[in-house]
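A short worksheet on the structure shown next.
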Amino acid sequence: MEKRVRFRSLTLPWLLLAPQLAVIIVFFFWPAGQALLQSVQMQDAFGTSTEFVGLENFQRLFADELYIESFRTTAVFSILVAVCGIGIALLLAVFADRVVRGASVYKTLMVWPYAVAAAVAGVLWLFMFAPSIGMVSFWLRAAGFDWNHLLNPNHAMALIVMAAVWKQISYNFLFFLAGMQSIPKSLIEAAAIDGAGPWRRFWSIVFPLLSPVTFFLLVINIVYAFFETFAIVDAATQGGPGKATSILVYKVYYDGFKGMDLGSSAAQSVVLMAIVIALTVAQFRYIEKKVQYS
Amino acid sequence: MVERRPGLDLLTHLVLTIGVLIVAFPVYVTFVASTQTAEAIVQAPMSLVPGDRLWHNYSAVLTGSEGGPGSSAPVGRMMWVSLVSALTIALGKIAISLLSAFAIVYFRFPFRNFFFWSIFVTLMLPVEVRIAPTYQVVSDLGMLNTYAGLTVPLIASATATFLFRQFFLTVPDELAEAARMDGAGPMRFFWDVLLPLSRTSIAALFVIQFIYGWNQYLWPLLVTTDENMYPVVMGIKRMIAGGDAVNEWNLVMATAILAMLPPAAVVLLMQKWFVKGLVETEK
């Protein structure tokens, strides 16, 4: 889409663009270039000299058992977050869509966790599940289940998944609700007149029509689980016990700032950038589709 | 409603109520904990009835007069740092994006598409992915422990530019034509026509970006080492020193509630724009 009417000026557009470009060049292109450069360099132990090592950092990275393990952890984590988050939100949205009176009250009550910071969400769930003082862990113990996320890797994973899903439900919920409200009521009514019950109507009409929204949310939730959950992990488990919850973003931070292995951290950054780009492309294919068929 | 099904209606309200309770429970527990003494919390299970230390705990946290083994910097100061950075990020993003979207849509100049795409590419890479090199740049520029260091790198994102571009493209050409015929220059047109028309988009973006700015965690963790420059979301983490029982959990939880209040208030008060902004920025 293009404008027919344009203003003519030689300098004004550059002046208007200048602040945005300055920020992007200094804080985006330059660092991203640095990451690419560092990923093919290696620093000696004292940080006094660097040498070009080609793809050695990447080879080292993919030969590293811990890195492959971190990949696996991230995959498990993001699949759990995406599936649980989308499933629960869809269930709630389907019911919220049925409500005639008081729908906005439910909506308001569901929406606000979006405002809670990831780090705060991590602290909240940590507090409820803390092995010695948490109230949920106390109830679990009373029920005969010995909860200890400081020792048991599965418990630690469950803890960060719960915190991450809790924070993301409101977002998924809003998108599903908006998606459902855009489905023409006449379709549902026609199916009801033909004798289809609520269950049947959901699976043969609503769910297929929601599939673009579901796909979009799947991508967004995976991006969320990959990149925006750093704060939850850092607040709740710090990657432990051992490395059981050390997802990729946590590892980049840990290796770069705690382990001081800049070459490896930069190589990890480059791998992450590639993942983001792949996910973004997937997201845009979806948008194109939506534009064509809507 | 297509048909009457009282049983299903009952189930609907039941499921939604359970959903709302699960969503609210962690925050309720936090609030209760923030009104108790540290000793009452450590005795598991903690009571689910609010205690009587509400005033005492909150004023202790805000002024930093009492502290556990972790950091005990005054939360009042942290809230201020958070507020300044969240506002700077939100308003800064809106300002520079409005200008650049205006340039891209309403002017023809060499490399226009190249610039649009180079802004667009920044959509893709979150700060989390390029932390080490960005940190290096900020520290080379001497921006550690400053508001500039906390905010400027986060202003560099293209979501807002993209949204305004989409919006400007829907503004009828006749408006620009009329303005030109009346002898208005481009900046006059921008101020008197385009800006008033973009009010809802600006409000929607403000809500989203304010929350984004307030809830930053990883970036402040890297660029601030001075207690005076801690934003509150990160300050909470610094208050937790280790082991379950040694922390002053009542104070930590009071801080958590304080950290949640401003963004939650923004979401609830501006819900209409918030939903609009959320659904539109992702298109």
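Screening A:Gly102, A:Gly134, A:Gly144 for residues that are buried (at least 19 other Cβ atoms within 10 Å of the Cβ), over 30 Å from A:Ser265 (Cβ atoms) and modelled with pLDDT under 85 leaves exactly one candidate, A:Gly134. Restricting attention to segment B:195-236, the residues being crowded, with 22+ Cβ neighbours inside 10 Å, free of Cβ contacts under 8 Å to residues at least 24 places away in the same chain and over 14 Å from the mean Cα position of the chain (by Cα) number 2.
Residues in segment B:1-54 that are β-branched (Val, Ile, Thr), in a loop (DSSP other than H, G, I, E, B) and within 20 Å of B:Ala254 (Cβ to Cβ): B:Thr35, B:Thr37, B:Val49.
For segment B:49-70, the criterion of a residue being at pLDDT below 75 and within 13 Å of chain A (Cβ to nearest Cβ) is satisfied by at least one position. Just one residue in the set A:Phe71, A:Phe77 is within 20 Å of the chain's Cα centre (by Cα), of a type in the set (Phe, Trp, Tyr), more than 14 Å from chain B (Cβ to nearest Cβ) and farther than 29 Å from B:Gly213 by Cβ; that residue is A:Phe71. Here A:Tyr106 meets each of (1) free of Cβ contacts under 8 Å to residues at least 24 places away in the same chain; (2) farther than 29 Å from B:Ser34 by Cβ; (3) within 7 Å of chain B (Cβ to nearest Cβ) with one exception, condition (2).
The residues listed here are B:Ile18, B:Ile41; of these, the one that is over 30 Å from B:Asn145 (Cβ atoms) and surrounded by fewer than 16 Cβ atoms within 10 Å (Cβ to Cβ) is B:Ile18.
Report yes if B:Val23 is at pLDDT 85 or above, facing chain A (nearest Cβ under 8 Å), under 24 Å from B:Val233 (Cβ atoms) and surrounded by 14 or more Cβ atoms within 10 Å (Cβ to Cβ), otherwise no. Answer is yes for this residue. When the residues of segment B:132-146 are filtered to those that are in contact with a helix residue (DSSP H, G or I) (Cβ under 6 Å, 6 or more places away or on another chain) and assigned to a helix (DSSP H, G or I), the one that is surrounded by the most Cβ atoms within 10 Å (Cβ to Cβ) is B:Thr134. When restricted to residues that are touching a helix residue (DSSP H, G or I) at 6+ places or on another chain (Cβ under 6 Å) and hydroxyl-bearing (Ser, Thr, Tyr), segment A:63-104 contains 4. Could you tell me whether segment A:139-153 includes any residue that is in contact (Cβ under 8 Å) with a residue 24 or more places away in the chain and of a type in the set (D, E, K, R)? Taking every residue of segment A:139-153 in turn, none turns out to be in contact (Cβ under 8 Å) with a residue 24 or more places away in the chain and of a type in the set (D, E, K, R). Filter segment B:130-148 for residues that are under 24 Å from B:Ile119 (Cβ atoms), hydrophobic (A, V, I, L, M, F, W, C) and more than 9 Å from chain A (Cβ to nearest Cβ) and give the result. If the condition is that a residue be under 24 Å from B:Ile119 (Cβ atoms), hydrophobic (A, V, I, L, M, F, W, C) and more than 9 Å from chain A (Cβ to nearest Cβ), then B:Met143, B:Ala148 are the ones that fit. Checking B:Thr161, B:Thr151, B:Thr200 one by one, the residue that is within 9 Å of another protein chain (Cβ to nearest Cβ) and in a helix (DSSP H, G or I) is B:Thr161 and no other. Contact map, segment A:243-257: residues that are within 11 Å of chain B (Cβ to nearest Cβ) paired with residues that are crowded, with 24+ Cβ neighbours inside 10 Å and not in a helix (DSSP H, G or I), Cβ distance under 9 Å, separation 6+ or inter-chain. Pairs shown: A:Ile247/A:Thr229; A:Val249/A:Thr229; A:Tyr250/A:Thr229. Residues of segment B:116-125 include none that is closer than 29 Å to B:Met79 by Cβ and either more than 23 Å from the chain's Cα centre (by Cα) or in a helix (DSSP H, G or I) (or both).
Given the criteria more than 12 Å from chain A (Cβ to nearest Cβ), surrounded by 21 or more Cβ atoms within 10 Å (Cβ to Cβ), farther than 18 Å from A:Ala121 by Cα and not β-branched (Val, Ile, Thr), does B:Ala176 qualify?
Spelling it out, it is not the case that B:Ala176 is more than 12 Å from chain A (Cβ to nearest Cβ), surrounded by 21 or more Cβ atoms within 10 Å (Cβ to Cβ), farther than 18 Å from A:Ala121 by Cα and not β-branched (Val, Ile, Thr).
Does segment A:166-182 include one or more residues that are in contact (Cβ under 8 Å) with a residue 24 or more places away in the chain and in contact with a Ser or Thr (Cβ under 7 Å, 6 or more places away or on another chain)? Scanning segment A:166-182 turns up no residue that is in contact (Cβ under 8 Å) with a residue 24 or more places away in the chain and in contact with a Ser or Thr (Cβ under 7 Å, 6 or more places away or on another chain).
Within the set A:Gly47, A:Gly33, the sole residue that is modelled with pLDDT under 85 and more than 10 Å from chain B (Cβ to nearest Cβ) turns out to be A:Gly47. In segment A:45-63 there is no residue matching the filter, namely being surrounded by fewer than 16 Cβ atoms within 10 Å (Cβ to Cβ) and in contact with a Ser or Thr (Cβ under 8 Å, 6 or more places away or on another chain).
Residue-by-condition table, conditions (1) under 22 Å from B:Val23 (Cβ atoms); (2) more than 24 Å from the chain's Cα centre (by Cα):
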site	(1), (2)
A:Ala156	no, no
A:Phe176	yes, no
A:Ile183	no, yes
A:Ser186	no, yes
A:Ala191	no, yes
A:Pro198	no, yes
A:Trp203	no, yes
A:Val206	no, yes
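The values are calculated or read from the model by the stated rules, or taken from the named source; none is laboratory data. All of these numbers come straight from a predicted model, not from anything done at the bench. Cβ coordinates were reconstructed from backbone atoms using ideal geometry, including for glycine residues, and neighbour counts include every protein chain displayed.
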